[in-house]
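Structure, as structure tokens:
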Amino acid sequence: MIKNLRLLLLGAPGSGKGTQTSRLLEKIQITPVSSGDLLRTEISKKSSLGVLASKIIQRGGLVPDHLMIALIYREFQARDWLGQDCSWLLDGFPRTHNQAVALDDKLTAAPINCVIELDVPEEVILERIENRYIHIPSGRIYNLQYNPPKVPGKDDITGEALSKRPDDNAEVFKRRLDNYHKEIDPLKEYFKDKGILHSIRGETSDIIFPQLYEYITTKFASK
Ligand code: ATP
Ligand code: MG
């Protein structure tokens, strides 16, 4: 049993955060929150945040920190995650140093206690993106090459249509990668100083997952 694991997965766009999350969910009890999925839900609802975020995401920018912090805080409140004794997994937030500080200020009782960086070579990432499709309502991710849906173009669980993310094209993707590289060093430094950063390098999710799982179970298992 895993207890009190409050995990952040860090990694470039396309490094496999979503894939590692689904694989982890098959083995341990933890609730995932993906900032990208939350924003895509806002976009589907056409909320005012969604309308704004859609424009930013389409050009590969970053949604302003104060809006992201408010969105995530609302999610934490709704899930009653501000106290102790909870396990959760964040993907995509915090992604700037400012966001990390703001989150820690709000989560004084139970802050992030484990950060794992997925360190995947860039040429591998670029190849993956071309073949990536997602099921927007659930955030489930497919790759036509490595992890195709059972029925072409349809989500395995609901049978609903899959789509290509509008920001998964070569030009926008390059901007997303650039933004990632701009923000990542201070963010990593922040968690390194707290002694909670661990990096795993590998070319495929199959190579990374066993190491991720081993690390987590060794550190957070309770009998
Ligand atoms: P991946 O495709 O591997 O998930 P990603 O992490 O870049 O890559 P998402 O997390 O799905 O993609 O986010 C999509 C977009 O949503 C980002 O390009 C950015 O515009 C916006 N976004 C998501 N999280 C944040 C955040 N914490 N701060 C600012 N913008 C964000
Ligand atoms: Mg994602």
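Rule-based calculations on the coordinates, nothing more; no lab input. On a predicted model such as this, the values are computed, not experimentally measured, just so you know. When we count neighbours, we look across all protein chains shown, and the Cβ atoms used for this are built from the backbone with ideal geometry, even at glycine.
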Cα centre as origin, Lys/Arg/Asp/Glu Cβ charges: the stretch 2-74 dipole, Debye: 80 debye
Each label sits 7 Å from Cα toward the beta-carbon; between N169 and D119 the label points are separated, in nm, by 3.4 nm
Considering the options L89, L38, F173, tell which one lies farthest towards the positive end of the dipole of the chain, charges being +1 on Lys and Arg and -1 on Asp and Glu at the Cβ, about the Cα centre. L38
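Would you mind classifying the stretch 47-128 by shape? Square roots of the alpha carbon gyration tensor eigenvalues, ordered a ≥ b ≥ c; an a/c under 1.5 is rounded, otherwise it is prolate if a/b is larger than b/c and oblate if not.
Numbers: a/c = 2.23, a/b = 1.25, b/c = 1.78.
Oblate shape, in that a/c is at least 1.5 and b/c is the bigger or equal ratio.
DSSP loop (so not H, G, I, E, B), at most 14 other Cβ within 10 Å: list which trypsin sites (Lys or Arg not before Pro) in the stretch 94-160 pass both filters. Could the numbers behind the result be given before it?
On the way: sites: R95, K106, R128, R132, R140, K150, K154; in loops: R95, K150.
Qualifying residues, ordered by number: K150.
Can you sort M68, M1 by how many other beta carbons sit within 10 Å, fewest first?
Values: M68 25, M1 9.
Ordered from fewest to most neighbouring Cβ atoms within 10 Å, M68, M1 come out as M1, M68.
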Please give me, ordered by residue number, the chymotrypsin sites (Phe, Trp or Tyr not before Pro) of the stretch 123-223 that lie in loop per DSSP and have at most 10 other Cβ atoms within 10 Å. none
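Can you give the helix-only mean residue ellipticity at 222 nm for the chain, where every DSSP H stretch with n ≥ 4 adds -39500 (n - 2.57) and the sum goes over all residues, rounded to the nearest 500 deg cm²/dmol?
Working: 8 runs with 104 residues, N = 223.
Calculated mean residue ellipticity at 222 nm is -15000 deg cm²/dmol.
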Which length gain, in nm to one decimal place, applies between V51 and Y73 when the Cα-Cα distance is subtracted from 0.36 nm times their residue separation? 6.0 nm
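For an R0 of 41 angstrom, estimate the FRET efficiency from the Cβ-Cβ distance between K27 and D105 and round to the nearest 0.05. Each step should come with its number before you reach the end.
Values: r = 32 Å, r/R0 = 0.78.
Computed FRET efficiency for K27 and D105: 0.80.
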State the answer as a single residue: which of L49, A109, I200 lies farthest towards the positive end of the charge dipole of the chain, with beta carbon charges of +1 for Lys and Arg and -1 for Asp and Glu, about the Cα centre. L49
Between their Cα atoms, which of K55/K192; K17/K194; K154/K192; K55/K219; K154/K174 are more than 30 Å away from each other? K55/K192; K154/K192; K55/K219
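Is the chain rounded, prolate or oblate when judged by the Cα gyration tensor, a ≥ b ≥ c being the square roots of its eigenvalues, rounded requiring a/c under 1.5 and prolate requiring a/b larger than b/c?
Taking the square roots of the gyration eigenvalues as a ≥ b ≥ c, the chain is rounded.
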Provide the gained length on full extension for the span E160 to D85, in nm with one decimal, where the gain is 0.36 nm per separating residue minus the Cα-Cα distance. 23.4 nm
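In terms of the Cα gyration tensor, with a ≥ b ≥ c the square roots of its eigenvalues, is the stretch 1-67 rounded because a/c is under 1.5, prolate because a/b exceeds b/c, or oblate?
Numbers: a/c = 2.43, a/b = 2.03, b/c = 1.20.
Taking the square roots of the gyration eigenvalues as a ≥ b ≥ c, the stretch 1-67 is prolate.
Suppose every Lys and Arg Cβ carries +1 and every Asp and Glu Cβ carries -1, with no other charges. What dipole size does the stretch 1-126 come out with about its Cα centre, to the nearest 20 debye?
Values: 14 positive and 14 negative charges, 86 e Å.
In total the dipole reaches around 420 debye.
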What does the charge dipole of the stretch 55-196 about its Cα centre add up to, to the nearest 20 debye, if the Cβ of each Lys and Arg holds +1 and the Cβ of each Asp and Glu holds -1? 420 debye
